[in-house]
Amino acid sequence: AAGVIQSPRHLIKEKRETATLKCYPIPRHDTVYWYQQGPGQDPQFLISFYEKMQSDKGSIPDRFSAQQFSDYHSELNMSSLELGDSALYFCASSLGGQGGITDTQYFGPGTRLTVL
Amino acid sequence: AQSVTQPDIHITVSEGASLELRCNYSYGATPYLFWYVQSPGQGLQLLLKYFSGDTLVQGIKGFEAEFKRSQSSFNLRKPSVHWSDAAEYFCAVGVGAGGYNKLIFGAGTRLAVHP
């Protein structure tokens, strides 16, 4: 079965640079979530989109922005990168809608961002 | 506030032994509960989920979990552990309105399996 695709899988950037992470949800899934997992930590919710509109926002820095496109893929844009942004960034997708039991989140393999 | 507590940071069991990983949640409404497993450097794989109905839910890889509302718990169990089960296990609660459930994770329990 098709899974969530994230690209790139690994990314190395310098401080103050920008980075763009991409997420391609499972086909027909309309909701995308972004999570950040620091070293040895649990995943923290950043932001989510349903039908191309932001549906919820967590602890996402102002330096980060995200959007969901018409084909439902999503991009997380990160600017003025800091050392503390080094983490594993997960995208998850689900079939959202009106609270049906189908809104289980399926996670991608993650993008490991290293900021030097 | 919503939260998930996994009291055990590390657990070590012998291969073939039984396993129980504890999870307690704090959430005002009926919770959506999940267990995910993460192997080193890998993504999160869904083991099982509870939305409603039967409080004992079966998952993949021989895992099961029991929802106990009175104890606000959702403990994960496996009768006989295999060496390949060594990984980090995260309990999570889905919070939010409608279909926009973000997940709040516990700190995780790292499972080591001795041969």
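The values are calculated or read from the model by the stated rules, or taken from the named source; none is laboratory data. What you see is a predicted model; the values in this text were computed from it and never measured. All Cβ positions, glycine included, derive from the backbone under ideal geometry; neighbour counts span all protein chains shown. Surface areas here come from the heavy atoms of the whole protein model, side chains and all, with no ligands, DNA or RNA. Shrake-Rupley method; radii C 1.70, N 1.55, O 1.52, S 1.80 Å.
Which one of the conditions (1) open to solvent by 40 Å² or more (accessible area, probe 1.4 Å); (2) more than 29 Å from A:GLY58 (Cα to Cα) does B:THR30 fail to meet, given that it meets all the rest?
That leaves (2) as the condition not met.
Could you grab me the full set of residues in the range B:36-56 that are away from chain A (no Cβ under 12 Å) and either open to solvent by less than 20 Å² (accessible area, probe 1.4 Å) or at pLDDT 95 or above (or both)?
Within the range B:36-56, B:LEU56 is the sole residue that qualifies.
What about B:GLY16, is it within 14 Å of chain A (Cβ to nearest Cβ), surrounded by fewer than 19 Cβ atoms within 10 Å (Cβ to Cβ) and either under 30 Å from A:PRO39 (Cβ atoms) or in contact (Cβ under 8 Å) with a residue 24 or more places away in the chain (or both)?
Criteria not met by B:GLY16.
Taking the condition more than 11 Å from chain B (Cβ to nearest Cβ) and touching a residue at least 40 places away in the same chain (Cβ under 8 Å), does A:LEU83 pass?
Yes: the conditions hold for A:LEU83.
Let's see how each residue does on (1) over 23 Å from B:TYR27 (Cα atoms); (2) at pLDDT 95 or above; (3) surrounded by 12 or more Cβ atoms within 10 Å (Cβ to Cβ):
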| position | (1), (2), (3) |
| --- | --- |
| B:GLN58 | no, yes, no |
| B:SER70 | no, no, no |
| B:LYS78 | yes, yes, yes |
| B:HIS82 | yes, yes, yes |
| B:ALA97 | no, no, no |
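Is it true that B:ALA92 is within 14 Å of another protein chain (Cβ to nearest Cβ), within 30 Å of A:SER59 (Cβ to Cβ) and in a strand (DSSP E or B)?
In short, yes.
So, in the range A:28-58, of the ones that are under 20 Å from B:LEU44 (Cα atoms) and of a type in the set (Gly, Ala, Ser), which residue ends up farthest from the other protein chains (Cβ to nearest Cβ)?
A:GLY38
What tally of residues in the range A:5-40 results from selecting those that are touching a Phe, Trp or Tyr at 6+ places or on another chain (Cβ under 6 Å) and buried (at least 20 other Cβ atoms within 10 Å of the Cβ)?
6
Going by the conditions given, is B:ALA86 of a type in the set (Gly, Ala, Ser), at pLDDT 95 or above and open to solvent by less than 50 Å² (accessible area, probe 1.4 Å)?
Answer is yes for this residue.
Please give the number of the condition B:VAL4 fails out of (1) under 26 Å from B:TRP83 (Cα atoms); (2) within 12 Å of another protein chain (Cβ to nearest Cβ); (3) surrounded by 15 or more Cβ atoms within 10 Å (Cβ to Cβ).
For B:VAL4, the exception is condition (1).
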